[in-house]
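The values are calculated or read from the model by the stated rules, or taken from the named source; none is laboratory data. No experiment lies behind these values; they were computed from the predicted model shown. Don't worry about glycine lacking a Cβ; one is built from the backbone with ideal geometry, like all the others, and counts go over all protein chains shown.
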């Protein structure tokens with residue numbers, strides 16, 4: 001999510017282009033406004049984090065968590081100073097949230113900036129480049145599979161599972177009998193880091209499973225997700241339900257078996273499983289950060305995979321409808337295209353005002 005700051009042209013000039021970006025604690029999502037600012041300073045330590053916090057509130061800090069909580073509140077207040085907020089979504093995917101903002105504007109009561117929902121913003125270049133150059137073996141394997149026959153378990157760049165849970169997922173995949181290619185990543189050394197690559201996937205899996213599933217399955221490291229989801233062989237996606245994965249699967253028309261792991265992902269899963277009927281559920285209360293988390297059992301995983309791969313289920317029909325809405329939103333005259341054009345007008349207006357201020361400085 002990106003905010004365009006500055007009601008005062010001087011503020012815009014002093015801030016360069018005056019576009020400040022925050023990484024969202026709850027994804028790029030119009031309902032989620034508690035935002036985590038990017039770390040400040042080289043150490044990212046407590047003293048660094050409290051630089052801009054009023055001294056009157058410093059005594060309440062007893063833990064690093066309290067310091068971050070104050071940053072969340074500060075960042076949220078800062079968003080009211082923005083001229084606009086850019087959100088990677090489209091109108092039909094989140095109508096209730098978007099309409100709530102529009103309703104406030106229509107009554108003249110909103111103190112929120114304009115919301116520019118310009119999504120889906122996706123890296124479609126993967127389809128033409130990385131898919132053919134760096135991962136040709138994987139793509140060649142997909143090319144010989146029947147249409148919509150492959151299930152794709154992948155938990156994102158930071159998503160990984162404990163070894164006991166990995167083995168349950170492996171058993172579930174084997175029992176359901178579908179073709180699969182599984183992105184299996186190693187737990188990061190520290191919390192917050194990206195998942196790592198296994199040197200030998202077999203060490204993390206039940207004994208003999210790679211041999212037993214050799215004709216129908218592939219266990220791999222990182223692959224370009226958009227390229228995989230856009231392949232005709234893809235029939236279902238087992239996902240952590242990060243926001244980018246939701247947009248990519250919607251754009252490509254691949255239904256998801258939801259398995260949220262951390263952060264905003266449980267909220268995302270509830271929205272699409274319960275509210276929109278676009279996904280099935282494997283486990284809605286899973287927490288990858290909890291070492292004592294009960295395992296999602298193989299039977300539970302098998303059930304979710306069978307449901308998402310069912311070619312006649314209502315979820316697949318809903319996803320197909322939203323895929324059409326997703327693609328239409330980007331066409332001329334439709335919601336995301338219009339929002340993007342309005343964003344460009346806002347940016348040009350801000351730059352024009354800034355140039356006038358700079359011109360006055362030049363004369364002085």
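Checking each residue in the stretch 86-100 for being within 16 Å of residue 346 (Cβ to Cβ) and at pLDDT below 85 picks out no residue at all.
Looking only at the stretch 240-262, which residues are in a loop (DSSP other than H, G, I, E, B) and closer than 17 Å to residue 87 by Cβ?
Within the stretch 240-262, the subset in a loop (DSSP other than H, G, I, E, B) is 240-242, 253-255, 259-262.
Hit for the stretch 240-262 is 242, nothing else.
Residue count for the stretch 203-229, restricted to those that are in a helix (DSSP H, G or I), in contact with a strand residue (DSSP E or B) (Cβ under 9 Å, 6 or more places away or on another chain) and in contact (Cβ under 8 Å) with a residue 12 or more places away in the chain: 5.
Every test in (1) surrounded by 13 or more Cβ atoms within 10 Å (Cβ to Cβ); (2) at pLDDT below 65; (3) in a helix (DSSP H, G or I) is passed by residue 74 save one, and that test is (2). Residue 188 meets all of the listed conditions (1) at pLDDT 90 or above; (2) on the phi < 0 side of the Ramachandran plot but one, namely (1).
Here residue 247 meets the list (1) in contact with a helix residue (DSSP H, G or I) (Cβ under 7 Å, 6 or more places away or on another chain); (2) closer than 19 Å to residue 320 by Cβ almost entirely, failing just condition (1). In the stretch 145-171, of all residues being assigned to a loop (DSSP other than H, G, I, E, B) and at pLDDT below 95, the one that is farthest from residue 216 (Cα to Cα) corresponds to 158. Residues of the stretch 253-267 that are within 15 Å of the chain's Cα centre (by Cα) and within 22 Å of residue 310 (Cβ to Cβ): 256, 258, 259, 260. Output the residues belonging to the stretch 171-202 that are touching a residue at least 60 places away in the same chain (Cβ under 8 Å) and either surrounded by 20 or more Cβ atoms within 10 Å (Cβ to Cβ) or not assigned by TED's automatic domain parsing to the domain that holds residue 218 (or both). Passing the criteria: 172, 173. As a summary of the residue check, residue 148 satisfies the conditions (1) surrounded by fewer than 21 Cβ atoms within 10 Å (Cβ to Cβ); (2) at negative phi; (3) touching a strand residue (DSSP E or B) at 6+ places or on another chain (Cβ under 7 Å) except for the one numbered (2). Of 235, 277, all but one fail to be touching a residue at least 40 places away in the same chain (Cβ under 8 Å), part of a strand (DSSP E or B) and over 13 Å from the mean Cα position of the chain (by Cα); the exception is 235.
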